[in-house]
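Q: Structure in C-alpha cells, see below.
The values are calculated or read from the model by the stated rules, or taken from the named source; none is laboratory data. Just so it is clear, the model here is predicted, and its values are computed rather than measured. Positions of Cβ are generated from backbone atoms using ideal geometry, with glycine treated the same way; all protein chains shown enter the neighbour counts. Accessible surface is based on the protein model in full, side chains and every heavy atom, while ligands, DNA and RNA are left aside. Shrake-Rupley method; radii C 1.70, N 1.55, O 1.52, S 1.80 Å.
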Amino acid sequence: MAEPYRQLPAEKRRRILDAALEEFAKKDYKSASTDDIAARAGISKGLLFYYFKNKQSLYLALAEETKERIEGHLKLQKMRQITDFFDILEFGVQKKLHYLKNIPWMLEFSLRMYYASGNDFGVRLQRYTTGLIDLMCRQYFAQVDLEKFKPGRTPRQALDLLMYLADGYCHMQRMAGNKLDLDAMMAEYCQWRDMVKQYVYKEEYQ
C-alpha cells in the first residue's frame, strides 16, 4: 500500500477506502470513476493520486484492505484450535457471512473482484484471488486432522469441490440477474457440504 496513504490518520484512510469500496462495488473497474471516489471521500482527485499512484494501485489497496478486514473479523486464533476440516470451514463461512452482511458494499465489491475479466488488469486480479485461495489453505487448514480423509482425498480437493459449486451457484444467479441472497446460498451450501463430506471422509467420520 502507498506510503503517503499509510501516514494518514486512520479515520481519513477509512473514509477514502470506503468511498472506493462503494464505487467499485456499484460499477466494474473500467466504469468506476476516480472523480466520484475523490468527491465522496472529500478530497481532490490530485490528492487521491498523491496517495495512490493510479487507479490500479487504489483498487489493489482496497482489495488488500478488504482481505485484512475480513481476516480481522475471523478470530484466527480460535479457528486454529479446530481440527475437523468441515468445522473449520463452517466457522470461517459463518464469520465471513456475518461480516459481509453488515458492511455496505463489501459483498458486491468482493464478487466483482472475483469475476473480473476481459483485460490485463482482470487477469492480474484473477491471479490475486487465486493467490488468496492458496494462502487461505495454508493459514486455515494447516492443523486439519487428515486421518478422517479417505485414501487419496485431501482438504484442498474438498475445498475445490465446494468452491466449484459456490462459483456455479453465483454464476447462475448473475446470469438470471438476481441479487445474491446469502441466506439462500447458505441453505444450498449445507447440502453441498454434506455431499462433499461423504465423498472425502471415511464412513465413520461422515
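Q: Out of the residues in the stretch 77-96 meeting the condition of being open to solvent by less than 30 Å² (accessible area, probe 1.4 Å) and of a type in the set (A, V, I, L, M), tell me which one is nearest to Arg124 (Cα to Cα).
A: The first filter runs over the stretch 77-96 and keeps only residues open to solvent by less than 30 Å² (accessible area, probe 1.4 Å), leaving 79, 84-86, 88-89, 92.
Now drop any that are not of a type in the set (A, V, I, L, M), which leaves 79, 88-89.
Details: Met79: 30, Ile88: 29, Leu89: 27 Å.
Residue satisfying both the conditions and the ranking: Leu89.
Q: Part of a helix (DSSP H, G or I) and within 30 Å of Glu188 (Cβ to Cβ), is that true of Thr83?
A: no
Q: Same structure again: Determine which single condition Arg124 fails, assuming it passes every other condition in (1) exposed (fewer than 15 other Cβ atoms within 10 Å of the Cβ); (2) over 16 Å from the mean Cα position of the chain (by Cα).
A: Unmet condition: (2).
Q: Mind counting the residues in the stretch 169-185 that are surrounded by 12 or more Cβ atoms within 10 Å (Cβ to Cβ) and part of a helix (DSSP H, G or I)?
A: So the count comes out to 7.
Q: Also: Hey, can you tell me all the residues within the stretch 186-206 that are assigned to a helix (DSSP H, G or I), of a type in the set (S, T, N, Q) and closer than 17 Å to Asp145 by Cα?
A: Once the filter is applied, which keeps residues that are assigned to a helix (DSSP H, G or I), of a type in the set (S, T, N, Q) and closer than 17 Å to Asp145 by Cα, the stretch 186-206 yields only Gln198.
Q: Could you name every one of the helices (runs of 4 or more DSSP H) located completely within the stretch 1-58 that has at least 3 residues being modelled with pLDDT under 95, of a type in the set (S, T, N, Q) and more than 22 Å from the chain's Cα centre (by Cα)?
A: Fully inside the stretch 1-58 and qualifying: nothing.
Q: Report, by residue number, each residue of the stretch 101-113 that is assigned to a helix (DSSP H, G or I) and either modelled with pLDDT of 80 or more or buried (at least 17 other Cβ atoms within 10 Å of the Cβ) (or both).
A: Met106, Leu107, Glu108, Phe109, Ser110, Leu111, Arg112, Met113
Q: Contact list please: Cβ distance under 6 Å, first residue in the stretch 161-184 and at negative phi, second residue outside any helix (DSSP H, G or I) and at pLDDT below 90, pairs at least six apart or on different chains.
A: These pairs meet every condition: Gln173/Leu180.
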